[in-house]
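Novice: Below: one structure in structure tokens.
The values are calculated or read from the model by the stated rules, or taken from the named source; none is laboratory data. Just so it is clear, the model here is predicted, and its values are computed rather than measured. Positions of Cβ are backbone-derived with ideal geometry, glycine not excepted, and every protein chain shown enters the neighbour counts. When the accessible area is computed, the model is the full protein with side chains, heavy atoms only, and any ligands, DNA or RNA have been set aside. Shrake-Rupley method; radii C 1.70, N 1.55, O 1.52, S 1.80 Å.
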Amino acid sequence: MTKTTSNASSSTPLFLIVMAAGSSSRMGGVKKELLPLGNSTVLAKATLPFLQTAQFSALAVTVPKGQDNLIKDSLLRDEQVQHLLTQNNTQLITVTGGATRSQSVYNALCALQKQFSPSDKALVAIHDGARPFITEPVIKRVLDCAMQYGAAVPFVNAVDTFKQKDSQQTIEKHLVRETLAAVQTPQVFLFKPLLDCHAKTQEQNLTVTDDTEVWDAFPGITGGIKVHLAEGDIHNTKITYQSDLGTTMQTDIHTGLGIDIHRLVSGRKLLLGGVEIAFDKGEDGHSDGDVVLHAITDALLGASGLGDIGSYFPPEDAKWKDADSVQLLKTVWTDIQKQGWTIANLDCVIELEKPKFLPYRQAVCASIAHILNIPEQNVFVKAKTGEGLGSIGQGQAVKATCTCLLYR
């Protein structure tokens with residue numbers, strides 16, 4: 001899978017901490033990070049966009065005592081996470097959490113320091129494992145902001161009117177909504193000062209709610225660097241209560257339709273879904289002519305609203321002559337994933353008089369799943385003949401139709 005990186009990640013060592021050590025008591029004891037979400041889990045969905053955005057030297061996941069394997073298995077069951085960890089050479093470690101969030105972060109920072117000795121320029125991003133709707137644009141903005149200033153956090157403007165209350169449960173102070181920001185994760189800081197701030201927090205037994213508090217508590221350590229705000233996303237919500245499942249689990253669902261047809265001519269390969277089919281004719285086209293991958297590409301672009309295959313890869317542009325349709329589809333799918341979309345399923349129909357498609361069906365399904373890095377059971381391909389009618393039935397052309405379901 002193609003990976004795009006932020007300005008920060010191109011020259012700055014990056015480390016990632018994903019918090020999953022909580023008891024989920026407000027969820028009635030159900031471990032929220034392990035809940036299924038689409039074809040994966042909440043934890044994997046919260047982690048994947050980071051691996052798609054930048055190259056992290058290491059990923060530390062905080063876990064409850066004795067649940068190392070359970071948490072790790074939940075993460076690695078996601079094929080995309082597993083693939084990108086390997087591709088990016090990102091080391092995965094699990095760290096037993098503490099009694100508080102701050103203690104868990106400190107444990108993770110210490111483990112990373114001991115194993116990897118981050119440089120003075122290194123940044124660490126800390127993200128909630130129960131925030132599965134984080135997107136690449138938010139991550140890039142926060143990383144770039146932290147690279148520039150040394151500390152950054154995503155925020156959204158306050159919507160409700162907040163009041164400061166006293167111990168008698170009366171309003172003590174009226175706060176100006178326009179001056180308030182609701183902060184999210186990931187929170188990104190220079191690694192070494194944050195580690196030292198957390199050490200002081202533990203030493204002084206301070207009560208803090210997030211890492212910006214820890215950072216601001218010790219200006220002598222941070223050199224007075226202020227935490228800068230980067231634009232967040234209202235959809236970057238955290239699953240906390242059972243009731244959240246009724247709201248945060250609501251998804252955008254889009255369908256797409258893609259159709260492609262090519263003449264069959266001698267001297268060309270017959271490619272279907274990235275698999276070469278043994279035949280004496282192949283698709284005549286500006287690219288390699290793979291009608292199945294073209295139909296899939298158009299279906300995905302239509303469902304995501306990002307355009308169509310002709311606008312992405314104009315046929316009049318010579319650089320796309322005989323282009324590999326596998327790479328075209330990967331390029332499109334990477335851009336679609338940046339918008340937060342996931343494939344629920346693809347259903348493809350090939351119209352081809354000869355040769356018989358059935359012997360190749362399993363290989364074609366596996367090929368498409370591999371190209372898109374999705375489970376094979378989410379892809380189905382079937383074939384019809386033209387019953388001797390028209391250009392299909394007379395063996396003059398091959399046609400493919402694809403429908404898809406995307407969600408985010």
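Novice: Does residue 169 qualify as being under 31 Å from the mean Cα position of the chain (by Cα) and polar (S, T, N, Q)?
Specialist: no
Novice: Which of the residues that make up the range 203-230 are surrounded by fewer than 17 Cβ atoms within 10 Å (Cβ to Cβ) and in a helix (DSSP H, G or I)?
Specialist: 203, 204, 213, 216, 219, 220
Novice: Something else about it: Of all residues in the range 163-197 being touching a residue at least 40 places away in the same chain (Cβ under 8 Å), outside any strand (DSSP E or B) and out of contact with any Leu (no Cβ under 6 Å at 6 or more places or on another chain), which is nearest to residue 14 (Cα to Cα)?
Specialist: 191
Novice: Go through the range 29-44 residue by residue and tally those that are touching a strand residue (DSSP E or B) at 6+ places or on another chain (Cβ under 8 Å) and open to solvent by 20 Å² or more (accessible area, probe 1.4 Å).
Specialist: Adding up the residues that qualify gives 4.
Yes/no per residue for (1) of a type in the set (Ser, Thr, Tyr); (2) touching a residue at least 24 places away in the same chain (Cβ under 8 Å); (3) surrounded by 15 or more Cβ atoms within 10 Å (Cβ to Cβ); (4) under 22 Å from residue 356 (Cβ atoms):
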position: 276; (1), (2), (3), (4): no, no, no, yes
position: 298; (1), (2), (3), (4): no, yes, yes, no
position: 307; (1), (2), (3), (4): no, no, no, no
position: 312; (1), (2), (3), (4): yes, no, yes, no
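Novice: Also, I was wondering about something else. Of the conditions (1) in a helix (DSSP H, G or I); (2) open to solvent by less than 80 Å² (accessible area, probe 1.4 Å); (3) of a type in the set (S, T, N, Q), residue 115 clears all except one; give me its number.
Specialist: Status for residue 115: all satisfied but (2).
Novice: Report whether or not residue 45 is charged (D, E, K, R) and modelled with pLDDT of 90 or more.
Specialist: Here the answer is yes, as residue 45 does meet what is asked.
Novice: Given (1) in contact (Cβ under 8 Å) with a residue 40 or more places away in the chain; (2) surrounded by fewer than 23 Cβ atoms within 10 Å (Cβ to Cβ), where does residue 92 come up short, assuming only one miss?
Specialist: In the conditions (1) in contact (Cβ under 8 Å) with a residue 40 or more places away in the chain; (2) surrounded by fewer than 23 Cβ atoms within 10 Å (Cβ to Cβ), residue 92 misses (1) alone.
Novice: Continuing with the same structure: Please find, within the range 314-357, the residue that is surrounded by the fewest Cβ atoms within 10 Å (Cβ to Cβ) out of those that are under 22 Å from the mean Cα position of the chain (by Cα) and assigned to a loop (DSSP other than H, G, I, E, B).
Specialist: Out of the qualifying residues, it is 339.
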